[in-house]
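Asks: Dumping the structure here so I can ask a few things about it.
The values are calculated or read from the model by the stated rules, or taken from the named source; none is laboratory data. Predicted, not measured: the structure shown is a model, and the values here were computed from it. Methodologically, a virtual Cβ is constructed for each residue, glycine included, from the backbone with ideal geometry; neighbour enumeration extends over all protein chains shown. Remember, those area values only see protein heavy atoms, side chains included, never the ligands or the DNA or RNA. Shrake-Rupley method; radii C 1.70, N 1.55, O 1.52, S 1.80 Å.
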Amino acid sequence: MGTDQRRPLPLLLDCDPGHDDAVAILLALGSPEVRLLGITTCFGNCAVEDATRNAQRVLALAGRADVPVAVGASGPLVGTTALGNYVHGVSGLDGPELPEPLAPPVNEDAVAFLRRRLVEAEEPVTLVVTGPMTNAGRLLRDHPEVAARIDAVVFMGGSTERGNHTPTAEFNTYADPEALDIVLRAGVPVRMVGLNLTHQALATPAVVERMRAIESDVGRTCAAWMGFFGDSYHRIWEFDAPPVHDPCTIAALVDPEVIAWRDAFVAVELDGTWTRGTTVVDLYRRYPDRAPNAAVALDLDADRYWDLVIGALHRLGGTP
Ligand code: BDR
Ligand code: CA
């Protein structure tokens, strides 16, 4: 069966918007191949209250009042709360003005919301996580029976190489390694989209120009977000163009050919003096007794990726 005959893939997005989370939301909304059943929020790039408001305002930018938003964790399962405002600004989504939320959050916390949507769904649902793993970890710790209702957990986090928040740990996996550990052991299919992949998703000047050329509020806003995000990446990590991490997870669902994967054993360091939150990815079976427990994203077709993102932004239109 050709891809165009597939039913839209149902998904739930757990996120901490965040400039790249915001583009991930827009990619999901603008892609007919997927159906966004709801958004849950988490601390991460900013406090959870700000992440929630940012998610609501991104939905408002796209004119979508029909996607429910549920508020999630304000801190990790264990340890202190790490925040990414140093990358994403005071609000967590600094840059252009955004419209006010069209609807309040639902009257259910993220874990209760995720559980209910999974149980009520007619088919298994894909859970995409683009922030710390806290909500998903809680869900699978407290309601392990819902694992059978999850088609896969696709998460942005970790790396096969080095980190960003610390020299070895990526921000999302650093922010709640215990929660990721629960998910890795829960018996659900896991797909890891780490920095080794997302650093191939650079919003070059040519990409930003394509966003701006859409000539809609959505396009102009994305271009301006890339300006703020790019300045952070230049200041902190000396990048010439910002890596737009989180939409890579959605892109993998929209177009299965956009990323090449390899099955591998993945673990997360919980105890290291310097390496807490670091993912250990056994690409070459150096631990022969550890069977692969995840599909790990390795190569991105960047041209195809940006075509997907720009196409979705076009579809969302907005006020010219
Ligand atoms: C991850 O951390 C956040 O800054 C981004 O939103 C992304 O999810 C990259 O390390
Ligand atoms: Ca994120």
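Asks: Could you list the GluC sites (Glu not before Pro) in the range 237-320 that lie in coil according to DSSP, counting only those with at most 13 other Cβ atoms within 10 Å of their Cβ?
Replies: Answer by residue number: 238, 257.
Asks: Using each residue's phi in the range 281-293, evaluate 6.51 cos²θ - 1.76 cosθ + 1.60 at θ = phi - 60° and report the 3J(HN,Hα) Karplus result to the nearest Hz, with x for Gly and Pro.
Replies: Computed from phi, the couplings for the range 281-293 are 10, 8, 5, 10, 6, 7, 10, x, 8, 9, 5, x, 10 Hz.
Asks: Kindly state, to the nearest 0.05, the FRET efficiency for residue 231 paired with residue 260, given R0 = 35 Å and r defined as their beta-carbon distance.
Replies: My answer for the efficiency is 0.65.
Asks: Something else about it: Need the full-extension length gain, residue 116 to residue 274, defined as separation in residues times 0.36 nm minus the C-alpha distance. One decimal, nm.
Replies: Full extension from residue 116 to residue 274 adds 53.0 nm.
Asks: Further question on the same structure: Pull up the DSSP beta bridges for the range 10-315 and report the antiparallel fraction as a percent, rounded to 5.
Replies: Rounded to the nearest five, the antiparallel share is 30 percent.
Asks: Quick check: with the 1.4 Å probe, what order do 74, 216 take by accessible area, largest first?
Replies: 74, 216
Asks: Another question about this same structure. With the contact rule set at Cα under 8 Å and sequence spacing of 6 or more, what percent relative contact order holds for the range 10-315?
Replies: Value for the range 10-315: 20 percent.
Asks: Also, quick follow-up: Can you pull the percent of the range 219-320's accessible area that's carbon plus sulfur, 1.4 Å probe, other chains left in place?
Replies: In the range 219-320, the share of accessible area belonging to carbon and sulfur is 49 percent.
Asks: Same structure again: Starting from the Cα gyration tensor of the range 38-142, take the square roots of the eigenvalues, sort them a ≥ b ≥ c, and report rounded, prolate or oblate (rounded when a/c is under 1.5, otherwise prolate if a/b is larger than b/c, else oblate).
Replies: Note, shape of the range 38-142 comes out oblate.
Asks: Taking the solvent-accessible surface of protein heavy atoms with a 1.4 Å probe, what is the per residue accessible area of the chain in Å²?
Replies: On a per-residue basis, 41 Å².
Asks: Enumerate the helices in the chain for which the Kyte-Doolittle hydropathy averages 0.0 or more and the C-alpha atoms extend at least 20 Å along the helix's axis, using complete DSSP H runs.
Replies: Helices passing the filter in the chain: 302-316.
Asks: Hey, another quick one. Can you give me the relative contact order of the range 1-53 as a percent, contacts being Cα pairs under 8 Å and 6 or more apart?
Replies: 43
Asks: List the residues, sorted by chain then number, that are 5 or more residues from residue 9 or on another chain and whose placed amide H is less than 5 Å from its amide H.
Replies: Under 5 Å from the amide H of residue 9: 34, 35.
Asks: For a quick protection proxy, order the peptides 97-103, 172-178, 282-288, 28-34 by their average other-Cβ count within 10 Å, most packed first.
Replies: 172-178, 28-34, 97-103, 282-288
Asks: Right, another one. Which of the trypsin sites (Lys or Arg not before Pro) found in the range 1-109 are loop residues per DSSP with 13 or fewer other Cβ atoms within 10 Å of their Cβ?
Replies: Loop-located and lightly packed - 6.
Asks: OK, next. Over the range 163-304, one equal point on each Cα, no solvent: what is log10 I(q)/I(0) by the Debye formula at q = 0.13, 0.17 Å⁻¹?
Replies: Log10 of I(q)/I(0), two decimals: -0.66, -1.03.
Asks: On to the next question. Once the other residues with Cβ under 15 Å from the Cβ of residue 72 are scored (Lys, Arg +1; Asp, Glu -1), what is the net sum?
Replies: -3
Asks: Sticking with this structure for a sec: Quick query: amide H of residue 294 versus all other amide H atoms, modeled in the peptide plane; which residues come in under 5 Å with a sequence gap of 5 or more or a different chain?
Replies: 264, 266
Asks: With +1 assigned to the C-beta of every Lys and Arg and -1 to the C-beta of every Asp and Glu, and no other charges, what is the dipole magnitude of the chain about the Cα centre in debye, to the nearest 20?
Replies: Using only the charged Cβ atoms, the result is roughly 340 debye.
Asks: Over the range 72-191, calculate the relative contact order: mean separation of alpha carbon pairs under 8 Å at least 6 apart, over the residue count, as a percent.
Replies: Worked out over the range 72-191, it gives 29 percent.
Asks: Among 274, 261, what's the order by accessible area (1.4 angstrom probe), most exposed first?
Replies: If we order 274, 261 from most to least accessible, we get 274, 261.
Asks: While we're here: Going by a ≥ b ≥ c, the root eigenvalues of the Cα gyration tensor, does the chain fall in the rounded group (a/c under 1.5), the prolate group (a/b larger than b/c) or the oblate group?
Replies: rounded
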